[in-house]
Amino acid sequence: MNASTRPPRIGIFGHYGHENLGDEAITAAVIQNIRRRRRDAVIHLFSMNPPDSAARYGLPVYPIRRRSNESWLPQPAQPESAETYIAHRGGRSLRSFLRRWRLGPLPVRLLRATARGLRGLVREALFLRTAYSRLRQIDLLLIAGSNQCLDNFGGPWGYPYTLLKWSALAKLAGIKVAYASVGAGPLDAWLSKRLVRAALRFADAVSFRDEGSARMIRLLGYAGPGIVCPDLAHSLSFDGRVASSTPGSRDPLRPVVAVNPMPMYDERYWCAPDASRYGSYVSGLAAFCDSLVEEKYPLVFFATQTSDYNVITDVMHRMTSLEGTPQPEVRVERVRSVDELIQLLATACIVVATRFHGTLLALLAGTPVLAICYYRKARELMRDMGQEAYAVDLDDFTVADALLRFRSLEINRPEEAAKIELRNQEYRHVLDCQYDALLALVPTP
């Protein structure tokens, strides 16, 4: 079957697979929209965690990094490859050499570091060869949304290098590369900026999910194609899966408030921990939730990533309204899938969210949000949705200000929900056009 008659073969690439429901919402939305347009499309996934992604979507999955995914790669039956030779025999030979010559501590450390570096190079070369063979099985590598152009987690050799190597390999394999609604920042290291700029130069199509991301990449010197198009999660359709959670199922007399904390500055998660700032955030959010409990609002805490549960525990421990007898109107809802998350968000009357996709998915479900913004992307989203009056900055968070905005949002909730729904429709139309353009890059029978 030649390229003009076979079904399109599309690879969905992203730093997903680590139980972040925001990233999974993007992946689910892309699969859904490809299927809607081309039911015959053959879809491959390129993920951080192939077992998790395979279980969620039932599609072929390949790892995007060697170091974090080595245990998922096929292992040779005999340790005779160059990689295993260096790892096993080379290691013994080096130890024997060091004992024979009685080298001092510094030369020993240098030689060991050199050996580790050589082993890493060989392993990476073998991984790149496998990645190239995977890419030859598809027509389009779709680098799907999320905040992929950053270096605060992993430095230059994390996200930036991963984007560059896959984009370059895709062009070597003779296939199309598209960056769709990607976010950018933080991006601070000199090398990171150059790696990202080089990666984007291999792309056949590029779009950024907000003006701030586009501006940041342009300032790096990237002058190629690039438009601003909403986050891909806005294109997720519920298809009746949350039929029982329509706005009419919300109880106006007992408005449920759903609260989504985030481990910002938490040393158990964040790349630049700060105990003082984390403590201020937790204390402020706990005091805010205490005020809601005193005003008889039922509270539901939820997470969009597993690390959020640590913060939920810390906030609840600081809540004075929960001391002694547990408050029956306060509970933790454990959601494990995008469908379960949307179900919860659609039944809430107001969502208080710190995570970006906690905010976005609540708005997608038609639920007004009080957003605690930890980075510009959340505030830009609220501004573009016409909701900036209900956005507070995490580092400037005060209970009095948050309560003032919350009460204003509750009073104006019907009008704000109507504005949100109108904006959702506009976003969906723009994203429909983008999907049509992306699928035009692959062969059509």
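Some points to look at:
- All positions within the stretch 141-157 that are assigned to a loop (DSSP other than H, G, I, E, B) and either under 14 Å from E124 (Cβ atoms) or of a type in the set (S, T, Y) (or both): S146
- Filter result for the condition that a residue is modelled with pLDDT under 95 and at positive phi, over G185, G174, G248: G185
- From the list E329, E333, E323, the lone residue that is of a type outside the set (A, V, I, L, M) and within 28 Å of the chain's Cα centre (by Cα) is E333.
- Test for P107: is it in contact with an Asp or Glu (Cβ under 9 Å, 6 or more places away or on another chain), modelled with pLDDT under 95 and exposed (fewer than 12 other Cβ atoms within 10 Å of the Cβ): no
- Tally, over the stretch 302-329, of residues that are over 16 Å from M264 (Cβ atoms) and in contact (Cβ under 8 Å) with a residue 40 or more places away in the chain: 1
- Looking only at the stretch 377-392, and only at residues there that are part of a helix (DSSP H, G or I) and among the small types (G, A, S), the one that is farthest from N424 (Cα to Cα): A389
- The residue list D436, D395 contains one member that is modelled with pLDDT under 95 and either outside any helix (DSSP H, G or I) or not basic (K, R) (or both), which is D395.
- Top-ranked residue of the stretch 343-378 - restricted to ones that are buried (at least 20 other Cβ atoms within 10 Å of the Cβ) and basic (K, R), ranked as nearest to M216 (Cα to Cα): K377
- Close contacts from the stretch 130-158, counting a first residue that is more than 28 Å from L236 (Cα to Cα) and not assigned by TED's automatic domain parsing to the domain that holds R66 and a second that is acidic (D, E) and in a helix (DSSP H, G or I), with Cβ to Cβ under 9 Å and a gap of 6+ residues or different chains, come to none at all.
- Residues (touching a residue at least 40 places away in the same chain (Cβ under 8 Å), within 18 Å of V177 (Cβ to Cβ) and in a loop (DSSP other than H, G, I, E, B)) located in the stretch 204-225: D204, R209
The values are calculated or read from the model by the stated rules, or taken from the named source; none is laboratory data. On a predicted model such as this, the values are computed, not experimentally measured, just so you know. Here Cβ is always computed from backbone atoms with ideal geometry, including for glycine, and neighbour counts include all displayed protein chains.
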